[in-house]
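Participant: There's a structure below that I have some questions on.
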Amino acid sequence: MRLPQEVLRWLAFRQRRADRDAKRTFFFHIPKCAGTSVWASLYDIYGTRHVCLVNSERRRRSFAAMSQAARRSYSAVGGHAPLGFFREHLGDAADYHKIVTLRDPIERAISEYNYIRAQAAHPRNREVASLSLNEFAARSLRPNRQVTLLTGNGDDVEGAFDVVTRFFDDWAFSDGVGALVQRLYQTTGTAPRSAVHKNKGVSGPSRADLDPSTLRLLEDRNRNDLALIEALRNLRR
């Protein structure tokens, strides 16, 4: 029996793998920072069965329970857990190409708000669905999310800056993810292709819609993330 072409393409995609000498990749995925585009490229480079995405509490427990050999059997690993979690289970990750994407914290918070409200299955949907953006910022937004995930301490801007510039081999802001993906293809020795931009967001309030009080509240809740992003932008200027 001949398999349909779409099944054959899926099997080829699942089984494909970068050259054996290609460096492993560790992608630290801070939510709502254009990470889905990077994952699409990792799947394209390595094949789905060689990529380990840790994007839920269940998968975090599963990853922690793996043997070191099982973790290292994957060509690409990463996800949403705090960076400390991955450093604990991957060691110094010296033989991984380590990448991260970051984003303007106001835009990131708005994107998170819109996304949670649109996803009925999201664990925080019931909590956030009835909130205005102002109420979300005041009551439900996890402040300084990028600094916190990078260092475990939302006040440690200097530590977050050092982690981005010294621990990671490559990083980009969300609007530069296309160039980061091209560099990723080159690093793994794979023929460069364009980034696949998967927008998981939905329509909703944008930065242009913010009233002054909501903007001030978001800025206050993300003052350390704002400081980190500004320091990194100054570095790139």
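The values are calculated or read from the model by the stated rules, or taken from the named source; none is laboratory data. As the structure is a computational prediction, the values presented were derived from the model and not from experiment. For neighbour counting, all protein chains shown are included, and Cβ atoms are generated from backbone atoms with ideal geometry for every residue, glycine included.
Participant: Please determine whether any residue of segment 191-212 is at pLDDT 90 or above and of a type in the set (V, I, T). Can you show your working first?
Facilitator: As a first pass, look at segment 191-212 and keep what is at pLDDT 90 or above: 210-212.
After this cut, where a residue has to be of a type in the set (V, I, T) as well, the list is none.
There is no residue in segment 191-212 that is at pLDDT 90 or above and of a type in the set (V, I, T).
Participant: On the given criteria, is L226 in contact with a Pro (Cβ under 6 Å, 6 or more places away or on another chain) and touching a residue at least 24 places away in the same chain (Cβ under 8 Å)? Can you show your working first?
Facilitator: Numbers: in contact with a Pro (Cβ under 6 Å, 6 or more places away or on another chain): yes; touching a residue at least 24 places away in the same chain (Cβ under 8 Å): yes.
Yes, satisfied.
Participant: Moving on to the next point. Would you point out which residue out of A81, A129, A94 is aliphatic (A, V, I, L, M), touching a helix residue (DSSP H, G or I) at 6+ places or on another chain (Cβ under 7 Å) and either in contact (Cβ under 8 Å) with a residue 24 or more places away in the chain or under 26 Å from L180 (Cβ atoms) (or both)?
Facilitator: A81
Participant: Being surrounded by fewer than 18 Cβ atoms within 10 Å (Cβ to Cβ) and assigned to a helix (DSSP H, G or I) is the filter here; which residues of segment 146-181 pass it?
Facilitator: Scanning segment 146-181 gives E158, G159, D162, T165, R166, F167, D175, G176, G178, A179.
Participant: Still on this structure: Going through segment 39-89 one residue at a time, which ones are of a type in the set (S, T, N, Q) and over 26 Å from G189 (Cα atoms)?
Facilitator: If we filter segment 39-89 for residues that are of a type in the set (S, T, N, Q), which is where we start, we get 41, 48, 55-56, 62, 67-68, 73, 75.
Hits for segment 39-89 are N55, S56, S62, S67.
Participant: Restricting the first residue to segment 25-51 and requiring it to be under 17 Å from F167 (Cβ atoms), which pairs with a second residue that is at pLDDT below 95 and outside any helix (DSSP H, G or I) meet a Cβ separation below 6 Å and a spacing of at least six or different chains?
Facilitator: F26/A93; H29/H80
Participant: If you check R145, R108, which single one turns out to be at pLDDT 95 or above, touching a Cys at 6+ places or on another chain (Cβ under 8 Å) and under 17 Å from N222 (Cα atoms)?
Facilitator: R108
Participant: Would you mention how many residues in segment 94-119 are surrounded by fewer than 18 Cβ atoms within 10 Å (Cβ to Cβ) and of a type in the set (A, V, I, L, M, F, W, C)?
Facilitator: Total satisfying the criteria: 2.
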